[in-house]
Amino acid sequence: QVCAVPYDPSAMVHTAWDLGYRDSTSIWCFQLVGRSVHVIDFYQDNNKSLQHYLDWLRGQRYNFGQHFVPHDAASKEKGTGLSYEEQALKYNFYLTVLPRESILKGINAARILFPTCWFDKTKTGEGIAALKSYRKAWSERYACYTDSPLHDAASHAADSFRYLAIAVDKLKREDGGMTAEELREVA
């Protein structure tokens with residue numbers, strides 16, 4: 001379900017982030033349109049400040065809803081003494097901090113959500129490539145794959161997509177709509 005998926009100005013654009021500095025920060029932009037999730041944009045970079053990512057978002061001129069970030073966005077940074085959440089407030093961006101969930105729960109939520117997703121082939125290509133490369137880590141000691149994902153260049157986009165899946169569930173519950181599990185049953 002990778003094709004042209006244009007921005008729909010009548011639907012809010014939500015974002016799901018994986019935060020990093022030396023590692024990449026990844027952002028998926030998505031809209032809930034009917035029972036579908038339209039994944040309309042993706043951005044990733046590293047060694048950049050929070051302001052850089054907020055400026056990128058402003059440049060997209062989307063009608064934004066919520067910006068979902070992982071639980072560690074509420075932690076204070078050593079350098080500034082402020083959390084990502086507090087730093088974003090200085091730029092009039094309100095972040096929604098998601099609760100800590102197990103990686104496997106997030107992966108399962110993403111798997112359930114995939115059949116309802118439509119990805120813009122131009123703007124999300126880099127993120128799609130990362131999702132395709134996401135895989136389990138190999139244990140040399142036991143000569144088998146572990147239950148944990150491999151931490152590599154693909155994991156940041158995949159992690160932010162896990163947060164997207166959790167965010168969709170949260171949005172659906174808030175709207176009284178269907179969760180990812182319920183969407184899968186009708187897809």
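For beta carbons closer than 9 Å, sequence separation of 6+ or different chains, a first residue in the stretch 89-104 that is part of a loop (DSSP other than H, G, I, E, B) and a second that is of a type in the set (Gly, Ala, Ser) and modelled with pLDDT under 85, the qualifying pairs are Leu98/Ala73. The lone criterion from (1) out of contact with any helix residue (DSSP H, G or I) (no Cβ under 6 Å at 6 or more places or on another chain); (2) more than 13 Å from Ile166 (Cα to Cα) left unmet by Glu85 is number (1).
This table checks each residue for (1) of a type in the set (Asp, Glu); (2) at pLDDT 95 or above; (3) open to solvent by less than 10 Å² (accessible area, probe 1.4 Å).
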position	(1), (2), (3)
Arg22	no, no, no
Cys29	no, yes, yes
Arg35	no, no, no
Ile40	no, yes, yes
Asn46	no, no, no
Arg58	no, no, no
Gln66	no, no, no
Pro70	no, no, yes
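The residue that is least open to solvent (accessible area, probe 1.4 Å), among those in the stretch 83-101 that are farther than 18 Å from Ile27 by Cβ and under 15 Å from the mean Cα position of the chain (by Cα), is Glu101. Evaluated against (1) touching a residue at least 12 places away in the same chain (Cβ under 8 Å); (2) in contact with a strand residue (DSSP E or B) (Cβ under 9 Å, 6 or more places away or on another chain); (3) within 28 Å of Lys121 (Cα to Cα), His52 falls short on exactly one condition, (1).
Being open to solvent by 40 Å² or more (accessible area, probe 1.4 Å), of a type in the set (Phe, Trp, Tyr) and touching a residue at least 12 places away in the same chain (Cβ under 8 Å) is not true of Tyr62. Quickly run through the stretch 14-40 and pick out the residues that are part of a strand (DSSP E or B) and either among the aromatic types (Phe, Trp, Tyr) or over 28 Å from Glu77 (Cα atoms) (or both). Residues satisfying the conditions are Trp17, Trp28, Phe30, Gln31, Leu32, Val33, Ser36, Val37, His38, Val39, Ile40.
The values are calculated or read from the model by the stated rules, or taken from the named source; none is laboratory data. What you see is a predicted model; the values in this text were computed from it and never measured. Counting neighbours? That spans all protein chains shown, and the Cβs are built from the backbone with ideal geometry, glycine included. Calculation scope for accessible area: heavy atoms of the full protein, side chains included, ligands and nucleic acids excluded. Shrake-Rupley method; radii C 1.70, N 1.55, O 1.52, S 1.80 Å.
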